[in-house]
Each structure stands twice: as C-alpha cells, then as structure tokens.
1. In region 13-25, what residues are within 10 Å of the ligand (Cβ to nearest atom) and of a type outside the set (Ser, Thr, Tyr)?
2. Can you tell me which residue among 33, 24 is of a type outside the set (Lys, Arg), touching a Lys or Arg at 6+ places or on another chain (Cβ under 7 Å) and closer than 27 Å to residue 1 by Cβ?
3. Is it the case, given these coordinates, that residue 118 is under 27 Å from residue 158 (Cα atoms), within 10 Å of the ligand (Cβ to nearest atom) and basic (Lys, Arg)?
4. Inspect all residues belonging to region 42-60 and state whether any of them is within 10 Å of the ligand (Cβ to nearest atom) and either within 21 Å of residue 146 (Cβ to Cβ) or of a type in the set (Phe, Trp, Tyr) (or both).
5. Does residue 45 satisfy the criteria of being farther than 20 Å from residue 231 by Cβ and of a type in the set (S, T, N, Q)?
6. Which pairs have Cβ atoms under 9 Å, sit 6 or more apart or on different chains, and link a residue in region 234-252 that is within 17 Å of residue 220 (Cβ to Cβ) and surrounded by 18 or more Cβ atoms within 10 Å (Cβ to Cβ) to one that is among the aliphatic types (A, V, I, L, M) and at pLDDT below 95?
7. Those residues that are exposed (fewer than 15 other Cβ atoms within 10 Å of the Cβ) and either modelled with pLDDT of 95 or more or within 14 Å of the ligand (Cβ to nearest atom) (or both), I need them from region 190-207; list them, please.
8. Could you please find all residues in region 61-71 being within 12 Å of the ligand (Cβ to nearest atom) and either free of Cβ contacts under 8 Å to residues at least 24 places away in the same chain or among the charged types (D, E, K, R) (or both)?
Amino acid sequence: MVGRLEDSVAVVTGGASGIGRAISERFAAEGASVAVWDVDEKIATATAEELVRLGARAVAFGVDVTDAGSVAAAAERSLAEFGRVNLLVNNAGVFDYYTPLLETSEEQWDRVLDINLKGMFLVTKALLPALLADGGVVVNTSSISGVVAGGGGVAYTSSKHGVIGFTRQLAAEFGQRGVRANAILPGAVETPMTRPILDQADAAILERVRSVPAGRHAQPAEIANLALFLAGDESSFIHGAAYLIDGGWTVF
Ligand SMILES: NC(=O)c1ccc[n+]([C@@H]2O[C@H](COP(=O)([O-])OP(=O)(O)OC[C@H]3O[C@@H](n4cnc5c(N)ncnc54)[C@H](O)[C@@H]3O)[C@@H](O)[C@H]2O)c1
C-alpha cells in the first residue's frame, strides 16, 4: 500500500520526544523521509535510528531552534541529505509550569518566547525557500493556551497565542505561492513535558484534565493523526486554520 506521505520529506522540530516523536513516527509510517531536529541530540539520534529500523529514511540533527546558525546548518544538512523538504512541523516547545506573571522572570519569559515562538520564525524562514520550491506544508504546534488562559502561565500562553498569529500570517503571505500553513492546538497530552504535572497528582489540575468531555488526557499518537491530516492532501483547502484537539477542554 502506498503511504499518504510517500515521497515527502519532513522536518520535525522537537521531533525526538512526546508529540514530536509521535509525529515523526506517523509521518515515517506513511512513507515520508524524516529529519528529526531536536536540541537533545542523543534522543534525536535514537528516534531516527528507530525510524530507520522500521524501514524509513530518517536522520537526526542536534538543533537549537533559537539559534539562527544552528538552524541554518541543520537546514543545509537536511537538504543535502534528502534533496528537498516539503513538510515542516514546528513543534519544539517548553512549558512554564503555570508560573504566574509576578513570578515570571525576564529570563524565563525570554526562554519560553524564544523557543516556542522565535524558534518557529527562524526555522520557517530557513526552510521557506525549499517549501516554496516544492508546494510545501507547515504544521505549527500551538496549544489550547493559544486560545484560552489557564492552560499555562503568562509566558506559555502568550507564546502559544503568538503561534496562531504566526500561522495566519504565514498563510496570508504564502498561501497563493503554494505553501499551506495551519496550527494544531492540543489539550492535555501525556508526554515528558506534562508527566511531572500528571505524576505530581495536583488535585485541581487532575480534576481539570478529567473534567473535559473526553474524560482523560490524550496520547501523543492521537495528536499525530491531526498533524498527518494537515500535512497531507486531504486538507488541501485548509489554510491558516487553528485546530483544537483538546478532548473538549475549551467547550466550557
Ligand atoms: N503535552 C501537552 O499536553 C501539550 C499540550 C499542548 C501543546 N503542547 C506543545 O506540543 C509541543 C511538544 O510538546 P511535548 O509535550 O511533546 O513535550 P516534550 O518535552 O516531550 O517535547 C518537546 C521537545 O522539544 C525539544 N526542544 C526544547 N527546546 C528546544 C530547542 N531550543 N530547540 C530544539 N528542540 C527543543 C525538546 O528537547 C523535546 O524533545 C510543544 O510545543 C508543546 O508546547 C504540548
């Protein structure tokens, strides 16, 4: 059977853990070659090795998405390896663990905004020539924190609102030039990022997670399904959209 992403080449940032790893695996299973970009080179390498073991073409790059030089080098090496990049998943991110505004240091604000938002700008800018040459697709990981407060602290919420604006601007500037861009907005997903929260059994947070219509948090593979849909041809008329995938978190 032909995969839904056969002949595609994807760059997945933060592609070695949690949601990004699930997306890397799903894209590879659908026939894409995958460049796993992650600041943690060790887990990126392990992820790429696993994809290769499963029969995919995959490479790992240790990349800090906040560093333009690091991003440029990874873009160059990814294109040298695969000859093209037509899918970009901007997924690398960090959480601020609900830090309230008055306790958020300038340093923490900068770190969260740099990784979650500026990183997306640097990576997209570096890969746009390749995406434009190839009718590319961009999928950006925002969050429920892109549309409501309370899913994080002030830095995280601000960064994830920014991701939606960034995605819409990309769609506006590049849609007619052949590049489609959309955002995914997960609710609570069990990953290394959220495990400390889910494990620490904070009654209020766990109650909030379980009070959603789905009655539970998500597994990363469920989010990868949406990323696959938005990366593939089935979503060909979808531009600049922000897709909630939150078990109903935001219905209340
Ligand atoms: N887990 C959730 O409940 C949830 C909900 C909504 C949105 N998200 C978003 O999903 C994305 C993935 O989160 P996750 O839960 O899988 O977390 P995770 O911690 O498992 O994965 C994040 C990955 O990003 C990488 N990363 C961090 N800083 C980086 C940098 N400077 N350069 C390159 N890579 C970097 C990390 O090494 C890690 O592999 C994030 O953008 C997060 O904000 C997560």
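1. If the condition is that a residue be within 10 Å of the ligand (Cβ to nearest atom) and of a type outside the set (Ser, Thr, Tyr), then 14, 15, 16, 18, 19, 20, 21, 22, 23 are the ones that fit.
2. Answer to the check: 33.
3. yes
4. Scanning region 42-60, I find no residue that is within 10 Å of the ligand (Cβ to nearest atom) and either within 21 Å of residue 146 (Cβ to Cβ) or of a type in the set (Phe, Trp, Tyr) (or both), so the answer is no.
5. Criteria met by residue 45.
6. Correct list of pairs: 247/209; 249/209.
7. Hits for region 190-207 are 192, 195, 196, 199.
8. Selection gives 64, 67, 70.
The values are calculated or read from the model by the stated rules, or taken from the named source; none is laboratory data. Keep in mind that what you see is a predicted model, and the values were worked out from it rather than measured. Using ideal geometry, Cβ is built from the backbone for each residue, glycine included, and neighbour counts are taken over all protein chains shown.
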